[in-house]
There are 2 protein chains.
Amino acid sequence: MSPKATIYDIAKELNISAATVSRALNNNPKISESTCKLVIETAARMNYKQNKLAQALKSGKSHNIGVIVPRIDSNFFASIIRGIEEELYPHKYNVIICQTHEDEKREIENINTLLNTQVDGILMSVSNMSSENDRVIEKVLEKKVPVIFFDRKKNIHGVSSVTINDFGAAYAATKHLIEQGSSKIAYFTGDRSLEIYENRFNGYKQALIDSGLNLKEDYVIQTKSNVEAGKMAVKKLLKLKDKPDAIFSASDFAALGAIQELKSQGIRIPEDFCVVGFGNEPFTEFMELSISSVDQNTMEMGKVAAQVFMEQINNTDKNSKIEKKVVLNAELLIRKSSSKESK
Amino acid sequence: MSPKATIYDIAKELNISAATVSRALNNNPKISESTCKLVIETAARMNYKQNKLAQALKSGKSHNIGVIVPRIDSNFFASIIRGIEEELYPHKYNVIICQTHEDEKREIENINTLLNTQVDGILMSVSNMSSENDRVIEKVLEKKVPVIFFDRKKNIHGVSSVTINDFGAAYAATKHLIEQGSSKIAYFTGDRSLEIYENRFNGYKQALIDSGLNLKEDYVIQTKSNVEAGKMAVKKLLKLKDKPDAIFSASDFAALGAIQELKSQGIRIPEDFCVVGFGNEPFTEFMELSISSVDQNTMEMGKVAAQVFMEQINNTDKNSKIEKKVVLNAELLIRKSSSKESK
DNA sequence: CTGTTAGCGCCTTCAC
DNA sequence: GTGAAGGCGCTAACAG
């Protein structure tokens with residue numbers, strides 16, 4: 001039993017041609033049932049495995065797709081990837097994972113590597129807004145390899161995207177805080193050159209306006225998405241003359257940091273101060289003081305991104321370019337950190 | 001500019017042969033500097049990308065590896081995968097992700113798919129102990145495709161593994177509880193047909209024995225790794241005549257459930273009851289009552305698994321089979337849920 | 001129904 | 001230094 005049997009080995013074994021073996025293995029109806037059965041048995045006996053590399057080379061379809069994310073070890077991206085993998089599994093697509101670590105060079109490298117690997121499509125959450133990266137993506141499209149953005153997207157002609165309704169979710173979160181009686185609501189944002197953060201900011205702003213509240217520049221703080229950053233930001237806020245009475249944070253981690261710092265300064269939550277995060281990280285639910293947050297519908301985002309990809313490659317009409325913009329709903333989950341009534 | 005340029009396109013453009021183009025692109029020293037430069041420039045201009053499929057078919061190395069895990073959206077597996085990806089990135093290996101969802105059939109399918117895809121190696125955390133799956137893995141080895149287990153392993157001849165010192169960690173955790181004054185320590189286990197859980201159980205048992213304590217069958221409860229299961233298990237324990245005064249849980253999630261249930265029954269932690277989990281899930285650190293846990297050194301586990309894989313494929317000596325068993329250290333992190341002094 | 005042939009894109013002897 | 005030819009494993013067109 002040679003390490004790797006090919007259809008030729010099977011053909012020789014049975015004194016038939018390789019083409020017949022190939023056909024039998026692919027259930028070609030023109031093959032007699034007897035030879036078909038014989039081939040399949042022999043293949044199993046010889047531990048034959050079809051070489052998809054050869055098949056891919058021949059057909060031009062590798063049945064691999066590439067997924068590019070900033071990092072995989074975050075609940076957010078991991079569950080999107082789970083969604084993608086599960087959706088694509090029945091279609092026999094493999095998922096190749098790449099991490100950028102938010103590095104623009106790495107993002108370009110990843111795209112090129114995936115192209116070399118002949119992936120049939122690229123699903124990505126962009127790390128970088130540079131226009132050089134735009135050009136690289138445009139080159140991908142020239143090669144007729146579909147690109148689909150999820151969550152962090154750019155506006156590039158011909159690229160579909162799947163996102164959540166960041167504006168609406170931020171609007172709802174802010175409104176909720178206002179309804180809880182808060183009127184001085186601070187906002188923690190991520191890098192606003194990314195659409196998601198810009199949209200969340202706009203939702204926040206609009207909710208204030210619609211409630212007759214003013215946007216205070218001092219209340220808007222850019223933070224990294226980690227606990228320490230949340231603490232720092234609260235320290236800044238509490239130094240203001242006119243201190244806020246609530247925070248809407250675009251990051252759950254920063255929200256957690258904020259809560260820890262507020263508590264350590266003796267401020268009671270939610271009685272004196274309400275906090276809402278974003279992302280529905282597992283810990284927000286697990287805390288004794290559970291944290292209100294926005295669920296980003298991650299599994300669904302992954303699944304839909306995969307579905308859009310499938311539509312794209314099944315679109316045989318080469319003239320009509322599909323460019324789909326799916327916006328999923330994101331649900332505000334109200335928990336203890338912002339529920340005055342229940343307490 | 002055609003969708004996908006090949007070396008033939010470049011050759012035609014420059015009126016040279018494809019072989020020369022190939023050599024130039026691969027920095028073959030025999031090529032004159034001028035043509036080399038010319039080729040590289042033209043390739044860039046034509047947006048040429050080397051087709052790794054063809055290269056792989058020719059060379060027999062795909063530069064892809066497969067990673068099989070029960071699920072990817074758990075902090076544990078996601079960060080192992082991160083480690084693997086980062087370690088392999090400089091070596092130009094791509095990572096293909098497969099999920100089994102603990103399903104034995106799925107595990108076999110995944111292995112076969114990866115084999116079809118011609119991966120150069122398979123890194124996996126086993127989902128199933130059935131001997132049918134053993135045979136499938138043995139067939140992989142026959143094809144000279146290295147297999148490496150991480151965390152959940154089996155003993156199969158020729159398969160290397162990377163695990164943590166589950167016995168030692170469980171021993172340390174149990175000892176720690178005893179030192180805190182607990183003498184009636186319950187244990188939540190996972191499926192003991194998996195080595196990791198068996199080893200943790202043995203560590204627990206040995207620590208009891210070494211401290212002159214008896215193992216009580218009633219105190220050992222098999223739980224799923226989720227919050228609800230932890231609550232259920234505590235309910236069972238509190239119905240016993242001789243109630244325990246501490247829990248060592250092989251799952252952080254079950255530990256969390258246990259804590260929630262204990263608190264709701266008015267039992268004070270850590271004063272009346274200590275709890276230690278396993279896994280160092282992010283939330284264990286974030287809780288107001290932070291949960292003691294064992295850090296499983298996940299990133300490192302991934303990196304080392306990748307390193308072992310690299311060693312394996314670089315081992316040209318076909319006679320000597322490498323079979324490496326790496327056991328990493330796992331650190332007990334003592335937090336509030338089991339620190340009587342500090343409270 | 002089955003065999004023959006050619007080619008997917010690349011690399012690698014073997015020539016010159 | 002460079003070109004020509006063959007083959008990695010598979011499939012599809014064309015014969016028969």
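The values are calculated or read from the model by the stated rules, or taken from the named source; none is laboratory data. From a predicted model like this one, the values you see are computed outputs, not experimental measurements. In this analysis, Cβ positions are derived from the backbone assuming ideal geometry, glycine residues included, and neighbour counts consider all displayed protein chains.
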* Test A:Tyr8 against the criterion of being of a type in the set (Phe, Trp, Tyr), within 16 Å of DNA strand D (Cβ to nearest atom) and out of contact with any Ser or Thr (no Cβ under 8 Å at 6 or more places or on another chain), and give yes or no. => yes
* To do: For B:Ser160, state whether it is assigned by TED's automatic domain parsing to the domain that holds B:Ala255, among the small types (Gly, Ala, Ser) and in contact (Cβ under 8 Å) with a residue 60 or more places away in the chain.
  => no
* **Filtered residues of the stretch B:65-88 (kept if over 12 Å from the mean Cα position of the chain (by Cα) and either more than 8 Å from chain A (Cβ to nearest Cβ) or in a loop (DSSP other than H, G, I, E, B) (or both))** => B:Ile65, B:Gly66, B:Asp73, B:Glu87, B:Leu88
* Answer yes or no: is there a residue in the stretch A:49-64 that is over 40 Å from the mean Cα position of the chain (by Cα) and either away from every other protein chain (no Cβ under 13 Å) or within 8 Å of DNA strand D (Cβ to nearest atom) (or both). => no
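With of a type in the set (Gly, Ala, Ser) and surrounded by 16 or more Cβ atoms within 10 Å (Cβ to Cβ) as the only criterion, which of A:Gly66, A:Gly60 stands out?
Numbers: A:Gly60 fails: surrounded by 16 or more Cβ atoms within 10 Å (Cβ to Cβ).
None of the others qualify; the one that does is A:Gly66.
Of the residues in the stretch A:175-207, how many are among the charged types (D, E, K, R) and in a helix (DSSP H, G or I)?
Start the filter on the stretch A:175-207 by keeping residues that are among the charged types (D, E, K, R), which leaves A:175, A:179, A:184, A:191-192, A:195, A:198, A:200, A:205.
Okay, now just the ones that are also in a helix (DSSP H, G or I), so A:175, A:179, A:195, A:198, A:200, A:205.
Adding up the residues that qualify gives 6.
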* **Where a residue in the stretch B:218-240 is within 19 Å of B:Ile291 (Cα to Cα) and its partner, wherever it lies, is exposed (fewer than 14 other Cβ atoms within 10 Å of the Cβ), with Cβ under 9 Å and at least six apart** => B:Lys231/B:Ser264; B:Val234/B:Gln265
* Structure fact -> Scanning the stretch A:1-55 residue by residue, those free of Cβ contacts under 8 Å to residues at least 12 places away in the same chain, farther than 19 Å from B:Leu115 by Cβ, more than 7 Å from DNA strand C (Cβ to nearest atom) and surrounded by 15 or more Cβ atoms within 10 Å (Cβ to Cβ) turn out to be A:Ala11
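In this structure, is B:Asp120 away from chain A (no Cβ under 14 Å) and either over 30 Å from B:Leu213 (Cβ atoms) or within 18 Å of the chain's Cα centre (by Cα) (or both)? If you could, list the steps in order and put the result at the bottom.
Values: away from chain A (no Cβ under 14 Å): no; either over 30 Å from B:Leu213 (Cβ atoms) or within 18 Å of the chain's Cα centre (by Cα) (or both): yes.
Criteria not met by B:Asp120.
Yes/no per residue for (1) in a helix (DSSP H, G or I); (2) touching a Phe, Trp or Tyr at 6+ places or on another chain (Cβ under 9 Å):
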| residue | (1), (2) |
| --- | --- |
| A:Cys98 | no, yes |
| A:Arg106 | yes, yes |
| A:Asn112 | yes, no |
| A:Asp134 | yes, no |
| A:Lys154 | no, no |
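Which ones in the stretch A:123-155 are within 14 Å of another protein chain (Cβ to nearest Cβ) and in contact (Cβ under 8 Å) with a residue 40 or more places away in the chain?
Filtering the stretch A:123-155 down to residues within 14 Å of another protein chain (Cβ to nearest Cβ) leaves A:123, A:135-146.
A:Leu123, A:Pro146 - these are the residues of the stretch A:123-155 that are within 14 Å of another protein chain (Cβ to nearest Cβ) and in contact (Cβ under 8 Å) with a residue 40 or more places away in the chain.
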* Condition check for B:Arg106: within 9 Å of chain A (Cβ to nearest Cβ), touching a residue at least 24 places away in the same chain (Cβ under 8 Å) and either away from DNA strand C (no atom under 14 Å from the Cβ) or within 40 Å of the chain's Cα centre (by Cα) (or both) -> no
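Surrounded by 21 or more Cβ atoms within 10 Å (Cβ to Cβ) and in a helix (DSSP H, G or I): which single residue out of A:Ala172, A:Ala255 fits that description? Before you say what the answer is, go through the steps one by one.
Numbers: A:Ala172 fails: surrounded by 21 or more Cβ atoms within 10 Å (Cβ to Cβ).
Matching residue, one of A:Ala172, A:Ala255: A:Ala255.
Assess whether A:Asp151 counts as being among the charged types (D, E, K, R) and either more than 11 Å from A:Ala250 (Cβ to Cβ) or in the same structural domain as A:Gln307 (by TED's automatic domain parsing) (or both).
Judged against the criteria, A:Asp151 is a match.
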* Asked: Applying the selection to the stretch A:11-23, what residues are under 11 Å from A:Met46 (Cβ atoms) and more than 12 Å from DNA strand D (Cβ to nearest atom)?
  -> A:Glu13, A:Leu14
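To keep it simple, each residue is scored yes or no on (1) within 30 Å of A:Gly277 (Cβ to Cβ); (2) at pLDDT 95 or above; (3) assigned to a strand (DSSP E or B).
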position: A:Gln312; (1), (2), (3): no, no, no
position: A:Lys321; (1), (2), (3): no, no, no
position: A:Ser337; (1), (2), (3): yes, yes, no
position: A:Glu341; (1), (2), (3): yes, no, no
* For A:Asn94, all conditions in the list (1) more than 7 Å from every other protein chain (Cβ to nearest Cβ); (2) surrounded by 23 or more Cβ atoms within 10 Å (Cβ to Cβ); (3) not hydroxyl-bearing (Ser, Thr, Tyr) hold save one; what is the number of the exception? -> (1)
* Asked: Does the stretch A:24-36 contain at least one residue that is at the interface with another protein chain (Cβ under 9 Å from one of its Cβ atoms) and within 16 Å of DNA strand D (Cβ to nearest atom)?
  -> no
* Asked: Can you spot a residue in the stretch A:276-283 that is charged (D, E, K, R), outside the structural domain of A:Glu85 (by TED's automatic domain parsing) and within 21 Å of the chain's Cα centre (by Cα)?
  -> yes
* Output the number of the condition that A:Glu228 fails; it satisfies all remaining conditions of (1) surrounded by 20 or more Cβ atoms within 10 Å (Cβ to Cβ); (2) in the same structural domain as A:Glu198 (by TED's automatic domain parsing). => (1)
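Test A:Glu102 against the criterion of being at pLDDT 95 or above and either in the same structural domain as A:Tyr197 (by TED's automatic domain parsing) or away from DNA strand D (no atom under 16 Å from the Cβ) (or both), and give yes or no. First the steps, then the outcome.
Details: at pLDDT 95 or above: no; either in the same structural domain as A:Tyr197 (by TED's automatic domain parsing) or away from DNA strand D (no atom under 16 Å from the Cβ) (or both): yes.
In short, no.
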